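The values are calculated or read from the model by the stated rules, or taken from the named source; none is laboratory data. Because the structure is predicted, anything quoted here is derived from the model rather than measured. So basically every Cβ, Gly included, is an ideal-geometry build from the backbone, and we count neighbours across all protein chains shown. SASA here: full protein model, heavy atoms, side chains in, ligands and nucleic acids out. Shrake-Rupley method; radii C 1.70, N 1.55, O 1.52, S 1.80 Å.
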Amino acid sequence: MKFKSINLKAFLIATLVSVLCIVMVFFGSRKLQNFDAALITYLFGTVFAFFGIVYRYSVWLQRPPTWMYFKRGWQFIFNGSIFKHLWFVSKETVGNIAFQKFIYPRGKYRWVAHFMIAVGCTSAFAITIPLTFGWIHFTLAPNTIDIYEAHFFGFKMMEFPLGSFMAFMTFHALNWSSYLVILGSLYYLRRRLTNPGLIATQTFEGDLLPLILLILISVTGLGLTYSYQFMKGFAFDFLAVLHAVTVILFLIWIPFGKFFHIIQRPAQIGAHIYKKEGMKKGMAICPHTNKEFTTQLHVNDLKIVTKELGFDFDKKDGSSHLDLSPEGKRSRLAQAHLKARQETGKYFG
């Protein structure tokens with residue numbers, strides 16, 4: 001990438017966020033007192049992923065159409081209707097973000113598989129990022145050999161005896177995440193290897209590599225557990241290195257590959273608010289078909305965005321070609337073609 005092609009504003013924002021992340025690691029781990037040096041490679045990978053995610057998101061927001069949606073969404077939320085939209089945002093977050101409801105119309109089994117991947121990845125991130133940053137750590141309770149204490153930002157949160165159900169669930173939490181990710185990813189991998197339509201259009205780096213990375217991360221992670229628990233540490237070092245490589249590749253791939261849609265998905269809630277508010281303000285009527293086709297707010301904002309992009313669709317009479325619906329545009333284009341052919345006298349060829 002040439003230096004001149006770097007978006008300076010996005011680069012500065014991403015750099016600032018990365019520095020803040022490192023500062024939070026330093027102080028959140030009590031000045032590295034609770035930081036595990038064995039996780040340093042994961043820390044570098046995570047900070048790089050944060051930098052890439054913030055950089056790409058900042059570039060994405062600077063696009064005129066995206067910025068218009070983003071700006072209008074926050075305007076609608078904070079224009080005095082924040083409590084009215086709070087319920088809608090909460091409902092959308094639970095339905096479409098937590099339970100992945102938007103996938104269900106595509107098929108029940110696809111929804112189950114996607115839900116398992118989402119839950120597995122979300123829970124894995126919720127566990128590994130605080131552990132990597134040193135925000136969470138476990139210690140033996142003073143004067144005991146069988147009581148563990150869980151600390152968050154250096155503060156004791158709870159304690160539990162070794163061998164208890166709580167200890168079993170806590171220390172194997174990442175295993176449960178891995179099983180979910182493996183099952184969900186295998187379903188989609190089988191679908192992509194057997195569905196003729198998908199085979200014809202998919203790419204390795206865009207569709208197969210994300211699934212392969214998820215499976216490799218989960219399998220190697222489980223391998224670490226089985227190695228020290230059932231095989232007396234056999235091949236543990238090799239599995240640890242392999243697991244670290246797959247995780248770091250995954251972290252690096254997040255900002256640049258298909259995984260970035262995870263970061264973009266919450267913005268869909270803002271688009272829904274934009275549509276709801278637009279409908280309240282009134283619908284646009286196509287002057288050609290005399291039918292409603294979208295919100296007037298959307299048409300007005302589209303006129304602003306197209307001019308920012310260097311396109312002017314205004315007509316001499318003060319109206320705009322953007323006032324037409326898709327059907328109206330097609331009809332007017334056909335009429336213009338007919339008129340041109342009538343003027344030349346050539347209807348064919």
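Structure notes:
- Helices (runs of 4 or more DSSP H) lying entirely in the range 1-97 (those with 2 or more residues that are open to solvent by less than 40 Å² (accessible area, probe 1.4 Å) and of a type in the set (Gly, Ala, Ser)): 8-28, 40-62
- In this structure, Gly233 qualifies as at positive phi and either surrounded by 14 or more Cβ atoms within 10 Å (Cβ to Cβ) or touching a helix residue (DSSP H, G or I) at 6+ places or on another chain (Cβ under 9 Å) (or both).
- Subset of the range 103-159 [within 30 Å of Arg191 (Cβ to Cβ), surrounded by fewer than 17 Cβ atoms within 10 Å (Cβ to Cβ) and charged (D, E, K, R)]: Arg106, Lys108
- The combined condition, being closer than 23 Å to Ile217 by Cβ and in contact (Cβ under 8 Å) with a residue 40 or more places away in the chain, is not fulfilled by Ile273.
- Against the test of being under 31 Å from the mean Cα position of the chain (by Cα) and small (Gly, Ala, Ser), the options Gly233, Gly282, Gly310 yield a single qualifying residue, Gly310.
- Matching residues, the range 142-156, being at pLDDT 90 or above and among the small types (Gly, Ala, Ser): Ala150
- Out of Ala240, Ala267, sole residue that is within 22 Å of Ala49 (Cβ to Cβ), at pLDDT 90 or above and surrounded by fewer than 18 Cβ atoms within 10 Å (Cβ to Cβ): Ala240
- Any pair with Cβ under 8 angstrom, 6 or more apart, that starts in the range 296-325 at a residue that is under 20 Å from Lys281 (Cα atoms) and open to solvent by 70 Å² or more (accessible area, probe 1.4 Å) and ends at one that is assigned to a helix (DSSP H, G or I) and of a type in the set (A, V, I, L, M): Ile304/Met68
- The set of residues in the range 124-167 that are small (Gly, Ala, Ser) and free of Cβ contacts under 8 Å to residues at least 12 places away in the same chain comprises Ala126, Ser164.
- Listing of helices (runs of 4 or more DSSP H) fully contained in the range 242-349 that carry 1 or more residues being closer than 30 Å to Lys84 by Cβ and among the acidic types (Asp, Glu): 267-281, 296-308
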